[in-house]
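This report refers to the structure that appears directly beneath it.
What follows is calculated from the coordinates using simple rules that are stated; it is not laboratory data. Quantities reported herein were computed from a predicted structural model and do not represent experimental measurements. Positions of Cβ are generated from backbone atoms using ideal geometry, with glycine treated the same way; all protein chains shown enter the neighbour counts.
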Amino acid sequence: MRPGGLLDVLGVASVVLDAEGRIVLWSPQAEELFGYTAKEALGQYAARLMVHERHLELVGELFADVMRTGQSWAGGFPIRRKDGSTRVVEFRNMRLLDDRGAVFALGLAADQSTVRRLEQDVALSERMVKQSPMGLAVLDTRLRFVTVNPALERITGVPADGHAGRTLGEVLPLLDTDALAAAARRVLDTGTPVIDEPLVGRTPADPDRDRTWSLSLYRLEDAMGNVLGAAVSLVDITAQHQASVEAETARRRLAVIADASARIGTTLELERTACELAEVAVPELADVAAVDLLDAVVEGRPSTLGPAESAVIRALAVRPQDGSDAVRAADSPGRIALYAADRLVTECVRTGEAVLVPRVKDEDLPRIARSAEAAVLLGRAGLHSYLAVPLIARGEVLGALDLKRTRNPAPFDEDDVLLARELAARASVQIDNARWYQNARNTALTLQRSLLPSHPPVTTGLEVASRYQPAGATSEVGGDWFDVIPLDGGRTALVVGDVMGSGISAAATMGRLRTATTTLASLGLDPALLLEHLDKTTSALDHSIATCVYAVHDPHLRRCRIANAGHLPPARVRPGRPPELLDLPTGVPLGVGGVEFSTVTFDFEPGDELVFYTDGLVETRCHSLDERLDFLLSLLDDPARPLEETCDLLLRTLHHPDNHDDVALLIARAQELP
């Protein structure tokens, strides 16, 4: 067995003297302490060998008392070593008897400085262990408690004698002691300590609340390396942990809000804005998020609800779109649904207050779901926490942000309510802007379409096709227009124009210019003269500016007369010849004034085509205008293609749906007169 323990640390020397004081036994430690070998010491009088002459009388008296009375004597005494040096040694002397009644004296000796240092270490350790606010315990190699300090008693709520000899699981049944024991075994096996690992759980001292400790484990060894067990230290860091959790929660909240500020409202498209809000909420705040608006709000009507009134709600966005039961329980985007007065989302939009159900029970599901079938799906999905916050902008409740947790085990709390309200407040203004913009755009688009001909009239000697394509969903309606005007003598006026600007104002200006053009065309004016009159009309319309191409086709003469007011030149397509842009004087836009316009006459035979268009068809930010015009001509490579197909081809190929400008397109093909 390997040596070890305090005696080895102290280097205790053993010396046995006979009744006359001669050395009869001499240990190896005595050789080290006194400097004499056993051969040199055995048989010698101990006092003469190790004691200074001036101490001989005192040593003799002490020796006689021990041998006579049998009482032990202990204390420090200076001894003389073989090398002549003096060392203070801590002695303990006692009388021995053998089986024959012979008397001997046993002396145990250790260096006094070593003894004092060890005593100080023990005293310091004992004081520190008892008074330390840190919970300390010693486990044996079977992981049973050997001793604990008062601080650990307070932590566990179990007295010291309730720990002794018991396992971790027996003393702390509310903790995950299997993992703790596994960690302690690894420390015993490897000697690698566990330092400041977080431990969360409950103890008998506080069984109703989770606490957090910093756990450290160390292997205990004696001086010779023998494994004695493991030391455990626990520091209660519940307050620090809570502060850290709160700081992390605040950081996460700020990150989500910053993300929302950057992502929500990138466009003025209502559905897209709602999707951006739902995408920010998942998964940081909820597992499933839905953005629902009152249908009246979407339509621009008042949205107040009475106490017993159901809510007509239009779903705008749902995230995630993973097909789970919880998602299938939500209304799909675009769907309009009726929510009864007792539903929680109805309560949310009626009162304008958040509705929180931290822990959803079975009886709560019917008030969360729109229908009994949806309630079954939510129950199957494991919905355990629900939160709805109103979307309020400019004092009006628009709808609600509906949040559900199925996978995240934590219930919604007041911090989540604050975060959801902040997200809803930031998004509501963007949603309201998108709503009003969409309503205004729809109004302008309706006006725009109402002012354009629904289909070109039947004309003499011409086949006509047309298209009007509004700008992308996030852009305002422009003032592009086209017209086909029958004139006397079988002639036909062809017009394409573009009012600068956008919105209802541009659409209204376009309508007035179209009306003026129709009136002037009925007078049979030369195209250049008509543009001069139209220029004066435009100048009177609040400084409006517009471009325009006006052409008159005469099927009997088989020719066209055309004038241009700052517009892109039409394309002419003739069988057997490459498509070309008409070479016309550009002119100045209508509304500039003071510049005359020119009329150009050119042949227009049966089978020839004229392609009129506005700049929204060909202009982009990535290509030059010349490149785009060449591309346009390359698409007009088949004079026999039906005109409707040509319109679709040009729009599909040249006009991107996200283009910020609208397009008017008019194609006319000359025909043989009957």
What angle, in degrees between 0 and 90 and rounded to the nearest 10, separates the Cα long axis of helix 527-539 from the longest principal axis of the Cα atoms of the chain? 50 degrees
Let me have the 222 nm mean residue ellipticity of the chain computed from DSSP H runs of 4+ only, each contributing -39500 (n - 2.57), with the sum over all residues rounded to the nearest 500. -11000 deg cm²/dmol
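Can you give the extra length, in nm with one decimal, that the chain gains between GLN131 and GLN71 once fully stretched, where that is 0.36 nm per residue apart less the Cα-Cα distance?
Here the answer is 17.9 nm.
Fewest first, what order do CYS647, CYS348 take by the number of other Cβ atoms within 10 Å?
On the way: CYS647 18, CYS348 25.
Placing the least packed residue first, the sequence is CYS647, CYS348.
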Between beta-carbons, use under 10 Å as the cut-off and find the net charge around GLU40, counting Lys and Arg +1, Asp and Glu -1. +1
Looking at the square roots a ≥ b ≥ c of the eigenvalues of the Cα gyration tensor of the stretch 272-430, which shape do they give, rounded for a/c under 1.5, prolate if a/b is larger than b/c, or oblate? rounded
Would you mind pulling out the separation of the Cα centroids of the stretch 276-343 and the stretch 588-611, in Å? 54 Å
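For the stretch 613-674, which GluC sites (Glu not before Pro) are both in a DSSP coil and crowded by at most 14 other Cβ atoms within 10 Å?
Details: sites: GLU619, GLU627, GLU644, GLU645, GLU672; in loops: GLU619, GLU672.
Those that pass, being in a loop and sparsely packed, are GLU672.
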I need the shape label for the stretch 132-236. Rule: rounded when a/c is under 1.5, else prolate if a/b > b/c, else oblate, with a, b, c from the alpha carbon gyration tensor. prolate
Only counting other Cβ atoms within 10 Å, I'd like THR509, THR460, THR37 sorted with the fewest neighbours first. THR37, THR460, THR509
When a footprinting reagent is the concern and you count Cβ atoms within 10 Å, what order do VAL171, VAL592 take, fewest first? VAL592, VAL171
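Just to verify a number: FRET efficiency for SER522 and GLU246, C-beta to C-beta distance, R0 = 45 Å, to 0.05?
Numbers: r = 78 Å, r/R0 = 1.73.
Given R0 = 45 Å and the Cβ-Cβ separation, E is 0.05.
Compute the longest continuous run of the chain that contains no exposed trypsin sites (Lys or Arg not before Pro); treat a site as exposed when its DSSP state is not H, G, I, E or B and it has at most 14 other Cβ atoms within 10 Å.
On the way: sites that count: ARG81, LYS82, ARG100, ARG142, ARG166, ARG209, ARG335, ARG359, LYS361, ARG394, ARG407, ARG621.
Longest site-free region, per DSSP loop and neighbour criteria: 408-620.
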Relative to the chain, whose Cα atoms define the longest principal axis, helix 414-451 and its Cα axis are tilted in degrees, nearest 10, by 10 degrees
I'd like the distance between the alpha-carbon centres of the stretch 148-189 and the stretch 613-628, rounded to an integer number of Å. 79 Å
On Cα atoms only, tilt of 625-635 relative to the major axis of the chain in degrees: 70 degrees
Under 9 Å from the Cβ of ASP295, count the other residues' Cβ atoms, weight Lys and Arg +1, Asp and Glu -1, and hand me the total. +1
Spin-label pair ALA540/THR37, simplified geometry with 7 Å Cα→Cβ offset, distance in nm: 13.9 nm
The stretch 6-117: C-alpha gyration tensor shape, a/c 1.5 cut-off, then a/b vs b/c: rounded
